[in-house]
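The values are calculated or read from the model by the stated rules, or taken from the named source; none is laboratory data. As the structure is a prediction and not an experimental result, all values here were calculated from the model. Every residue, glycine as well, gets a Cβ built from its backbone with ideal geometry; the counts of neighbours run over all protein chains shown.
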Amino acid sequence: MGLAASLAAHAGTLQLDAALSAEPGRPVALIGANAAGKTTLLRCLAGLHTPDRGRIDVDGEVWFDSERRIDRPAHRRAVGVVPQQGVLFPHLDVEQNVAYGLRAARLPRAEQHRRTGDALERYGLVPLAGRRTEALSGGERQRVALARATVLDPTLLLLDEPLSALDAASRATVRGSLRDLLRERSACTVLVTHDARDALELAAHAVVLEDGHVVQEGAPAELAQRPRSAPVAALMGQNWLPGTASDRDGEVWTVRTGALELRAVADPQEPPSLGRPAYVLVDPRDVTLHREHPEGSAQNVAQARVAGVVDVGGPLRVTLDSDPALVVEITARAAAQLGIATGAPVWASFKATAARVFA
Amino acid sequence: MSAAAPGARTLLPRLTPVRLAVALACAVAAAFVAIPLIVLVTHTSPGALRAALTDPVVLDALRVSLVTTAVSVAVVVLVGTPLATALARGRFPGRAVLDALVGLPLVLPPVVAGLALLLAFSPGGPLGQALRPLGVHVPLTESAVVLAQCFVAGPFYVYAVAAGLSGVDRSIEEVAGTLRAGPWHVFRTVTLPLIRPAVVYGVVLSGARALGEFGATITVAGNLQGRTQTMPTAIYVAFERDPDGAVALAVILAVVSFALLLGVRGLRLARATG
């Protein structure tokens, strides 16, 4: 049961060569920078892009097999696609958008009616049923796109950046309801995202793509804690600070990185060695911001100015102009209390035990 | 009163140089088309119009014109829609050549088009020879009228629809494809509704061109009353022996054309608001 895909494809200059599997009820997140091949992989699964070779198997059905020359067209795959920005039918109202697949599948009238009604209800679209789609907000469009894609109970649900078109405020709410929905579904789900928080909250498994190849995969939390490369760390929203292991005092190491000298504990699996290059990994949630020089047990303290603040729904991500740049996550409330704004002077601190040093 | 000024401005747009230029252009264009037509109408009399409308020759010509135009538009839509799809979306060798070929009748003088069709479909021509075993003889028949009209009017439809198709966001059709809709279903339920304005526009343009077609028609189809004599060819013949009657005929053709154009426009408005 589930999705098993292994394929090679090209689109423009991208050469995609990746394997992907998913189990029902355990959403998989495809993470990667722009042009890493996420959307191309999704399009191959949907039947909108023909792979050069490989095989796609969903619940025992072969959707694509280059050796056996099988290539089911999109409309013969039990797939549901939520494209970027929703892409609703502009000439149909909300209800007709949701009912489109049922009509195309020629289900009996009564069943079309019943399932459309159910979907409108489930996604809170009943009051919008007769509306034209151009008048909808980003969140409403997203709900219509989800209702339209799931109304046929696809065995494979594909979501392309499902939250990217939303503003920060509605993103947190939609993410919450999307998580509940994906957990309920017994089908396979693959979602493309470049936001670590989407992966952490929505997916049970995450696959990181870089230049068309899988560079790391695992539970999202595990990827955040043990990224194996700087891009993966950056995608997972972690501070990945390259430097040199310059000193050791018991289990606390000193690492020179940029203008900072950080104290961190060694990773038990990949401990650093003295005088050698090393990486310090710090979770942005473990960094504390202060208005004045902090007094306390934190061994790592740095003075900096705020370089930028990003609101992706949930805690704010604050980037500091320290060398190397540090990313800090704090609540909007704390940010207001500290007067966080671009250019504001702050002190950042984190404990040595919150920082891990790798070879 | 300064308080009333902004309100007054929203009622009557302020006259900027750009707006003035636009208004001037509209006035010149409208006058350019309307004045000759008004002169035409003033040159005829109710008596002459009544006489023309009871003349069996005129009624025959009107009938032939309307029927052949309707058939031509139907043929143009049936053949032109797939052709426009290929031009707008196809990626095949010779696409640019095909595109230019489709537009050729637009620049060719209609008489030349008629001559080319006549040579091709005459019993000695390649197409005429091919059709002979089937007992089909095209020149000087109603089919020849339709042929001539399709030849000159087709490009208007094909180009209009191709332009409409290239404006359609492919991702909308792709989504439909992932919702159990096969290619034909997608075309019918998504593409066609989205390009409807372009299709209507193409039908209007090609229909108008077919209705007014003269040069190619008279060359390949001749001028046989009740069979191949259309309004334009009837006007031409009448002009040689009875200029006043020709003017009456011209007025009738102008009125019918104008009514058809307005009718399609009304249909489009009703669809858009309904």
Matching residues in the stretch A:42-62 - criterion: being more than 23 Å from the chain's Cα centre (by Cα) and part of a loop (DSSP other than H, G, I, E, B): A:THR50, A:PRO51, A:ASP52, A:ASP59, A:GLY60
Subset of the stretch A:63-79 (residues that are crowded, with 16+ Cβ neighbours inside 10 Å, at the interface with chain B (Cβ under 8 Å from one of its Cβ atoms) and in a loop (DSSP other than H, G, I, E, B)): A:ARG77
Test: residue in the stretch A:170-184 that is in a loop (DSSP other than H, G, I, E, B) and surrounded by fewer than 20 Cβ atoms within 10 Å (Cβ to Cβ): no
Cβ pairs under 6 Å, 6+ apart, first in the stretch A:194-209 and closer than 14 Å to A:ALA33 by Cβ and at pLDDT 85 or above, second part of a strand (DSSP E or B) and acidic (Asp, Glu): A:VAL207/A:GLU217
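So that you can scan it fast, the table gives a plain yes or no per residue for (1) small (Gly, Ala, Ser); (2) more than 17 Å from A:ALA259 (Cα to Cα):
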| position | (1), (2) |
| --- | --- |
| A:GLY296 | yes, yes |
| A:VAL306 | no, no |
| A:ASP311 | no, yes |
| A:GLY314 | yes, yes |
| A:THR319 | no, no |
| A:LEU326 | no, no |
| A:GLN337 | no, yes |
| A:TRP347 | no, no |
| A:THR353 | no, yes |
All positions within the stretch A:215-267 that are touching a residue at least 12 places away in the same chain (Cβ under 8 Å) and of a type in the set (Ser, Thr, Tyr): A:SER229, A:THR244, A:SER246, A:THR257
B:GLU240 vs. criteria buried (at least 17 other Cβ atoms within 10 Å of the Cβ) and among the charged types (D, E, K, R): no
Residues within the stretch A:1-18 that are assigned to a strand (DSSP E or B) and touching a Gly at 6+ places or on another chain (Cβ under 9 Å), tallied: 12
Residue match in the stretch A:276-288 (condition: touching a helix residue (DSSP H, G or I) at 6+ places or on another chain (Cβ under 8 Å) and at pLDDT below 90): no
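Just wondering, is there one or more residues in the stretch A:153-162 that are in contact with a Gly (Cβ under 6 Å, 6 or more places away or on another chain), within 14 Å of another protein chain (Cβ to nearest Cβ) and crowded, with 20+ Cβ neighbours inside 10 Å? Please lay out each step first, then the result.
Restricting attention to the stretch A:153-162, the residues satisfying the condition of being in contact with a Gly (Cβ under 6 Å, 6 or more places away or on another chain) are A:154, A:157.
Restricting the remaining residues to those that are within 14 Å of another protein chain (Cβ to nearest Cβ) gives A:154, A:157.
Within this subset, residues satisfying the condition of being crowded, with 20+ Cβ neighbours inside 10 Å are A:154, A:157.
Yes, there is a match, as at least one residue in the stretch A:153-162 is in contact with a Gly (Cβ under 6 Å, 6 or more places away or on another chain), within 14 Å of another protein chain (Cβ to nearest Cβ) and crowded, with 20+ Cβ neighbours inside 10 Å.
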Entirely in the stretch B:151-232, the helices (runs of 4 or more DSSP H) that have 1 or more residues that are at the interface with chain A (Cβ under 10 Å from one of its Cβ atoms) and touching a Pro at 6+ places or on another chain (Cβ under 9 Å): B:170-177, B:183-186, B:192-212
Selection from the stretch A:55-91 of residues that are without any contact (Cβ under 8 Å) to a residue 60 or more places away in the chain and either touching a Leu at 6+ places or on another chain (Cβ under 9 Å) or polar (S, T, N, Q) (or both): A:ARG55, A:ILE56, A:ASP57, A:TRP63, A:PHE64, A:SER66, A:ALA74, A:HIS75, A:PHE89, A:PRO90, A:HIS91
Pairs where the first residue, in the stretch B:132-156, is farther than 12 Å from B:PRO105 by Cβ and the second is of a type in the set (Phe, Trp, Tyr), C-beta under 7 Å, 6+ apart: B:VAL138/B:PHE121; B:PRO139/B:PHE121
Subset of the stretch A:80-100 [assigned to a helix (DSSP H, G or I) and either acidic (Asp, Glu) or within 14 Å of chain B (Cβ to nearest Cβ) (or both)]: A:GLU95, A:GLN96, A:ASN97, A:VAL98, A:ALA99, A:TYR100
From the options A:ARG114, A:ARG103, residue that is in a helix (DSSP H, G or I), over 29 Å from the mean Cα position of the chain (by Cα), within 14 Å of another protein chain (Cβ to nearest Cβ) and without any contact (Cβ under 8 Å) to a residue 12 or more places away in the chain: A:ARG103
In the stretch A:319-336, residue nearest to A:ALA230 (Cα to Cα) [restricted to those that are among the β-branched types (Val, Ile, Thr) and buried (at least 17 other Cβ atoms within 10 Å of the Cβ)]: A:VAL327
Filter result for A:GLU222 (among the charged types (D, E, K, R) and crowded, with 17+ Cβ neighbours inside 10 Å): no
Subset of the stretch A:341-359 (residues that are under 10 Å from A:ALA307 (Cα atoms) and either at pLDDT 95 or above or surrounded by 15 or more Cβ atoms within 10 Å (Cβ to Cβ) (or both)): A:ALA344
Flag for A:ALA119 being in a helix (DSSP H, G or I), farther than 25 Å from A:GLU161 by Cβ and either modelled with pLDDT of 95 or more or within 13 Å of another protein chain (Cβ to nearest Cβ) (or both): no
